[in-house]
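The values are calculated or read from the model by the stated rules, or taken from the named source; none is laboratory data. Everything numeric in this text was worked out from a predicted model, so none of it was measured. Quick reminder, even Gly has a Cβ in these numbers, built from the backbone with ideal geometry, and neighbours come from all protein chains shown.
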């Protein structure tokens, strides 16, 4: 492959469906878009839920995981023409839509992988359908208790963004633009007061916590606290809030080790 061909391939992977296969499933009379790659070689399989409805930035991680199992990235709430298509643009809405999709597709032995507000959502999903969940991965789990207001979030944003990669904007930006703005803000406001520390101890499935070294929204101390509540391992990646985007192999390696040592299918 020439350098020009390699550049074109990289650019194509930044646009939907990001090198993944798209399916649409009716779940609770709502269409849920899913982007899938890989073959199920025995349980478990991975189901990714992105933060604030922007699936593109998690695609490199999903493609990496697809080398050893089936990996599915849910496009929730499904921004289109300024309206969420699959569910309400709220934390409970995304959590319930994920649960309905697992039921509609008859998924079992699933490791739920949520990033940012997606981590908050999969916590709730795992509590709604525990019989379908083999493990829960909380990546960049928002929000540190000190960041649960818009003003505090803004103060943490600048130093965090300084450690992010510019390419992340190309991966996530189109989804944010398609949200229409206000729905995205409502989604964020629904997530800010959430208290994941109250839900983590209620999980019956094993947990893995991942965050970035320079993540100001889910800093390492907060990630370690959540991990301690679940007696779970905590992995710190290089980078900031979206650390799995520039480091998909490291994120995938953490999940593979978690799968090998902690996750066992329900009998």
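Per this entry, residue 74 is counted among residues that are at pLDDT 95 or above, within 19 Å of residue 176 (Cβ to Cβ) and not in a loop (DSSP other than H, G, I, E, B).
Any chance the range 78-91 includes a residue that's at pLDDT 90 or above and outside any loop (DSSP other than H, G, I, E, B)? Yes, the conditions are met somewhere in the range 78-91. Per the listing 190, 179, the residue uniquely closer than 17 Å to residue 74 by Cβ, touching a residue at least 24 places away in the same chain (Cβ under 8 Å) and either buried (at least 18 other Cβ atoms within 10 Å of the Cβ) or in contact with a helix residue (DSSP H, G or I) (Cβ under 8 Å, 6 or more places away or on another chain) (or both) is 179. Quick one: would you say residue 156 is surrounded by fewer than 24 Cβ atoms within 10 Å (Cβ to Cβ) and either within 23 Å of residue 193 (Cβ to Cβ) or touching a helix residue (DSSP H, G or I) at 6+ places or on another chain (Cβ under 8 Å) (or both)? It is true that residue 156 is surrounded by fewer than 24 Cβ atoms within 10 Å (Cβ to Cβ) and either within 23 Å of residue 193 (Cβ to Cβ) or touching a helix residue (DSSP H, G or I) at 6+ places or on another chain (Cβ under 8 Å) (or both). For residue 127, are the conditions met, namely being assigned to a helix (DSSP H, G or I), surrounded by fewer than 21 Cβ atoms within 10 Å (Cβ to Cβ) and either at positive phi or at pLDDT 95 or above (or both)? Considered against the rule, which asks whether it is assigned to a helix (DSSP H, G or I), surrounded by fewer than 21 Cβ atoms within 10 Å (Cβ to Cβ) and either at positive phi or at pLDDT 95 or above (or both), residue 127 comes out as yes. Regarding residue 138, is this residue touching a residue at least 12 places away in the same chain (Cβ under 8 Å), surrounded by 14 or more Cβ atoms within 10 Å (Cβ to Cβ) and in a helix (DSSP H, G or I)? Here the answer is no, as residue 138 does not meet what is asked. Given (1) crowded, with 23+ Cβ neighbours inside 10 Å; (2) within 19 Å of residue 210 (Cα to Cα), identify the lone condition not met by residue 64. Here residue 64 meets the rest and fails (1).
Among the numbered conditions (1) touching a helix residue (DSSP H, G or I) at 6+ places or on another chain (Cβ under 7 Å); (2) at pLDDT 95 or above; (3) surrounded by fewer than 22 Cβ atoms within 10 Å (Cβ to Cβ), the only one that residue 255 does not meet is (3).
Considering only residues that are part of a loop (DSSP other than H, G, I, E, B) and within 22 Å of residue 153 (Cα to Cα), which ones fall in the range 216-242? Walk me through it before giving the result.
Of the range 216-242, the ones part of a loop (DSSP other than H, G, I, E, B) are 216-219, 230-233, 238-242.
Within the range 216-242, 216, 217, 218, 219, 238, 239, 240, 241, 242 qualify.
Please work out which residue is farthest from residue 141 (Cα to Cα), limiting yourself to the range 243-252 and to residues that are in a helix (DSSP H, G or I) and in contact with a helix residue (DSSP H, G or I) (Cβ under 8 Å, 6 or more places away or on another chain).
249
Looking at residue 221, is it modelled with pLDDT under 95 and out of contact with any strand residue (DSSP E or B) (no Cβ under 8 Å at 6 or more places or on another chain)? So residue 221 does not fit the description; no. Here residue 99 passes the criteria (1) more than 28 Å from residue 233 (Cα to Cα); (2) modelled with pLDDT of 90 or more; (3) buried (at least 16 other Cβ atoms within 10 Å of the Cβ) except the one numbered (1). Of all residues in the range 94-109 being assigned to a helix (DSSP H, G or I) and out of contact with any helix residue (DSSP H, G or I) (no Cβ under 8 Å at 6 or more places or on another chain), which is nearest to residue 76 (Cα to Cα)? It comes out as 97.
Restrict the check to the range 142-152 and report whether at least one residue is closer than 22 Å to residue 254 by Cβ and either without any contact (Cβ under 8 Å) to a residue 12 or more places away in the chain or surrounded by fewer than 22 Cβ atoms within 10 Å (Cβ to Cβ) (or both). Yes, the conditions are met somewhere in the range 142-152.
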